[in-house]
Amino acid sequence: IHREWFEPKTSVYRYTFKASPEMSPSLYAHVSYLQPHLQTANDLPIRLYGVIPIAIVDRNTFLKPVIDCADEIRPDVPVTISIREATGKPMTYTLALVDQGLLDLTRFATPNPWNHFYSREALTVKTWDIYDWVAGAYGGKLDRLLAIGGDEHAEVEGGLQANRFPPLVQFLGPFELKASKTETHTLNLPPYIGAARLMVVAGAGRAYGSAEKSVLVRKPLILLATLPRVLSIREQVSLPLSLFVMDPALQTVKVQARVEGAAEISGDNTQTLIAPRTGEYQLQFQVKTLQVGTARVYLSAVSGNETAEQKIEITVRNPMGLQTLVKTSLLQTGEEWTPQLDLPGQAGSNVITLELSRIPPLDLKRRLEFLINYPHGCAEQTTSAVFPQLYLQKLIDLPRERQQEIEKNIKAGINKLRTFQTDDGGYSYWPGEIQSDPWCTNYVGCFLLEAKQAGYMIPAAQLESWKRYQQRTAQGWLAGDEQSTLIQADRLYSLALAGSAEPASMNRLKERKNLSITAKWRLAAAYQLAGQKDAALSLASGGTTLTPYRELSGTYGSDVRDTAILLETLTLLNDPKRAFPLVQALSASLSSDAWLSTQTTSFALAAIARYAGIFDNDKASFTYTVGFNANAKEDHSSSMPIIQQQWEVAADTTAQIFLHNSSKIPLFARLLLQGIPRIGQETASANGLELNVDYLNGQDEPIDISTLVQGQDFWAQVSVKHAGLGSAYEELALTQTFPPGWEIQNVRLTEDDREPLSFNYQDIRDDRVLTYFDLNRGELITFKIRLTAAYLGRYYLPPVQVEAMYDASIHARDHGKWIEVVSPN
């Protein structure tokens, strides 16, 4: 025992106990004794108070990674980094190189897993209260994000370091390092200048360790240019370029810009900079967009032997929506059709699609594109977008590329739907909601079961959790209104589809009087899947006449959607004779110009695809001749119910097509003419809603947005009012798309956001904000979005529009306009 020191003022002795040779040499302990009345070292005997804690640590649990790298590196030269363990131990590790400024913003310390896994466990106390809901409402909104304590991380050495360049973040691993070996890695850095931190986090069995190293990234000459995230056609933007000259010998720099693709340089593409001193210099090039597509901007700076380069890719969009015109004809055997086509879009945007079918026409391309490109993404709409794609191969002969695209879409839909599942196993309408939506839970579950049947991988735990929720809800269901009854019938159908039918709940629902036609037929489908065909036929023995209606919420239904449910039941019952009139009715709805909701479109397409897959396989092949003129025609044949051909047309006014039916059966022909109209041709419109859009400064005073100064902050204020016609409007969608030169400021997590939420869900993206809400009769609601005029240039502001997602006749929109962002000088 060795006494290390004695401090009279604090009356503390410190002793070190060292392990004997017979014990493990890695054990050690520290003990402190307190002698309260001690005046000198020899004055009083030592007295011990309390229990002496002895910490025993196994040194074999430590790893000591070592990072070997130059202290200063260049961003344009591959960087070599060597990793080893100081004592030669094997380990598994990850390697990260991160911008030091970014780390400082979050006070991020290099992870030390040893401290985490071998830390002392303190008494943990968790508390909850409802104070924010009683007093102050949302006053504690941000406070709930913070836990008590954590003051040891409050300080950061050197403060925050500003960084003008895009964040440098590279993460590699995990890697295996064998005993006494060294692993070498090569990194390629993007354009960057400043400090960075190399971090290694390692583990091996019960041993852990980490290491870090600061490096300086710089070169004599570097450039950085920025553009908005997206541009629109016919816009002009100033491309700002920062040039950093770090060597006084580089006094003349030649800078060149080149653009390929959908844009071009407007004006000079070469500038010469005279740099009398080191530092940062600003240059600008003018970029003008030409057409929809991708623009690639190449920038280079040369001075002596030093060069700097940068490449930027940017999407050029058309803010106007796709416009579709349709021409149809029924071609008897031997009949020809040569329609004159008036193209709806500007040059380069027009596409002609031919659909030929021996079953009544479905307008398959237009309806499917509507589902896939629908801008909103609740659980119902996400499911509707991918559900019919499961059955497309039963309808149409798809090329390999199209099959891969469909498979990608379905997998993306499956992954997205996971974010909607709640803790109880059901599915919510919007991601992040805690309450399950009963109809969406049924709908999503049916899709996942069908997708699994088609060969897609669905996690077993996800389906099992859904099934338990459905069983609990079905067994505990209490009779309600007509909508509740349909939901229960659909729930029982979904359980039967999963092979877990609920006979008791099915019989209880069957005995109810005055079941709606749709609920009866959905229950009949459940009995058929459960193997009780007599009960199914009894329920589906009535008529199929439905009363027209449309729901804005609940089951999101319509009479057309319900017709599809009846067709699905007759397909399961193997009754093509009664099913065919329903196919014709759905065909008429799909082929018309009428707007159909995502729910209705999905059910109709899926129902007809199931029907065609079962009852249309034995039909004879058909042949046809097609071409843009009689001298350049081609012969084709197909045994599929539907075929499609598509052409991109360079013309911007008219075209002509030649079609001949050389088959022995009549063919339904449908031509879809799609194109993007020119900007500025849209008009304001309203029905059932009143829309008012204002732009305000920080003092809530109206401003003119035709010309804004770069850096100016302002607000877009949109007021939507129920016009007082009809009942409450549910599931309204407000779409605000902003010019590329404006940046959206997300204030939802700032202290300024203290107002109660007036919407159900809000989706803030790079260039637009989508807001979803309900409106009572006569109610007025206002939304504000904070914006900044960020990039110099001339841009187009698309119209603001609001519509009921399940009834497009309820809508309002204003008109677009050109705006400009100018320099403050």
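The values are calculated or read from the model by the stated rules, or taken from the named source; none is laboratory data. Predicted, not measured: the structure shown is a model, and the values here were computed from it. Reconstructed Cβ throughout: ideal geometry from the backbone, glycine too, with neighbour counts over all protein chains shown. Surface areas here come from the heavy atoms of the whole protein model, side chains and all, with no ligands, DNA or RNA. Shrake-Rupley method; radii C 1.70, N 1.55, O 1.52, S 1.80 Å.
Compare V259, V583, V125 by solvent-accessible area with a 1.4 Å probe and give them largest first, with all protein chains kept in place. Provide the component values of the computation, followed by the final result.
On the way: V259 25, V583 5, V125 110 Å².
The ordering from most to least exposed comes out as V125, V259, V583.
How large, in percent, is the carbon and sulfur part of the accessible surface of the range 642-774 at a probe radius of 1.4 Å?
Reported share for carbon and sulfur atoms: 44 percent.
Give, as a single signed number, the net charge of other residues whose beta carbon lies under 10 Å from the beta carbon of T544, with Lys and Arg counted +1 and Asp and Glu -1.
Cβ neighbours under 10 Å give a net charge of 0.
Using a 1.4 angstrom probe and counting only protein chains, how large is the accessible area of R277 in Å², to 10?
For R277, solvent-accessible area is about 150 Å².
Arrange the residues E568, E306 by how much accessible surface each exposes, largest first, with a 1.4 angstrom probe.
E306, E568
Probe radius 1.4 Å, ligands and nucleic acids ignored: give me the carbon and sulfur share of the accessible area of the range 397-483 as a rounded percent.
Carbon-and-sulfur percentage of accessible area, whole number: 48.
Hey, what do the phi angles of the range 550-560 turn into as Karplus ³J(HN,Hα) couplings, whole Hz, using 6.51/-1.76/1.60 and θ = phi - 60°, x for Gly and Pro?
Rounded to whole hertz, the list is 8, 9, 9, 7, x, 9, 6, x, 7, 5, 5.
Out of Q532, L570, T555, whose Cα points farthest toward the positive end of the dipole of the range 524-581 (charges: +1 Lys, Arg; -1 Asp, Glu; placed on Cβ)?
Going by the Cα projections, it comes out as L570.
Considering only protein heavy atoms and a 1.4 Å probe, what is the carbon-and-sulfur percentage of the accessible area of the range 164-309?
On the range 164-309, the fraction of accessible area on carbon and sulfur atoms equals 47 percent.
Given 4 °C and 1.567 mPa s, compute D for the range 635-766 with the Stokes-Einstein relation, Rh being the Kirkwood radius over Cα pairs; round to the nearest whole µm²/s.
D = 61 µm²/s.
For the range 316-428, what is the accessible area per residue in Å² when the probe is 1.4 Å?
Accessible area per residue: 40 Å².
Just read off the accessible area of M246 with the full protein assembly in place, 1.4 Å probe, to the nearest 10 Å².
Surface accessible to solvent at M246 totals approximately 90 Å².
Using Cα pairs closer than 8 Å and at least 6 residues apart in sequence, work out the relative contact order for the range 367-474, in percent. Before the final figure, lay out each step's value.
On the way: 107 pairs, mean separation 26.9, N = 108.
Reported relative contact order: 25 percent.
Along the range 83-89, what does the Karplus equation 6.51 cos²θ - 1.76 cosθ + 1.60 (θ = phi - 60°) give for ³J(HN,Hα), rounded to whole Hz, x for Gly and Pro?
For the range 83-89, the Karplus-derived couplings read 10, 8, 10, 4, 9, x, 6 Hz, x marking Gly and Pro.
Using 1/(1 + (r/R0)^6) with R0 = 35 angstrom and r between the beta carbons of K181 and R120, what's the FRET efficiency to the nearest 0.05?
For R0 = 35 Å, the calculated efficiency reads 0.50.
Accessible area per residue for the range 667-808 in Å², computed with a 1.4 Å probe and the full protein assembly in place, what is it?
Values: 6080 Å² over 142 residues.
Per residue, the range 667-808 has 43 Å² of solvent-accessible surface.
Quote the accessible area belonging to T127 in square angstrom, nearest 10, computed with a 1.4 Å probe and with ligands, DNA and RNA left uncounted.
About 110 Å², rounded to the nearest 10.
At 0.36 nm per residue, minus the direct Cα-Cα distance, what do R59 and R277 gain on full extension? Give it in nm, one decimal, please.
73.0 nm
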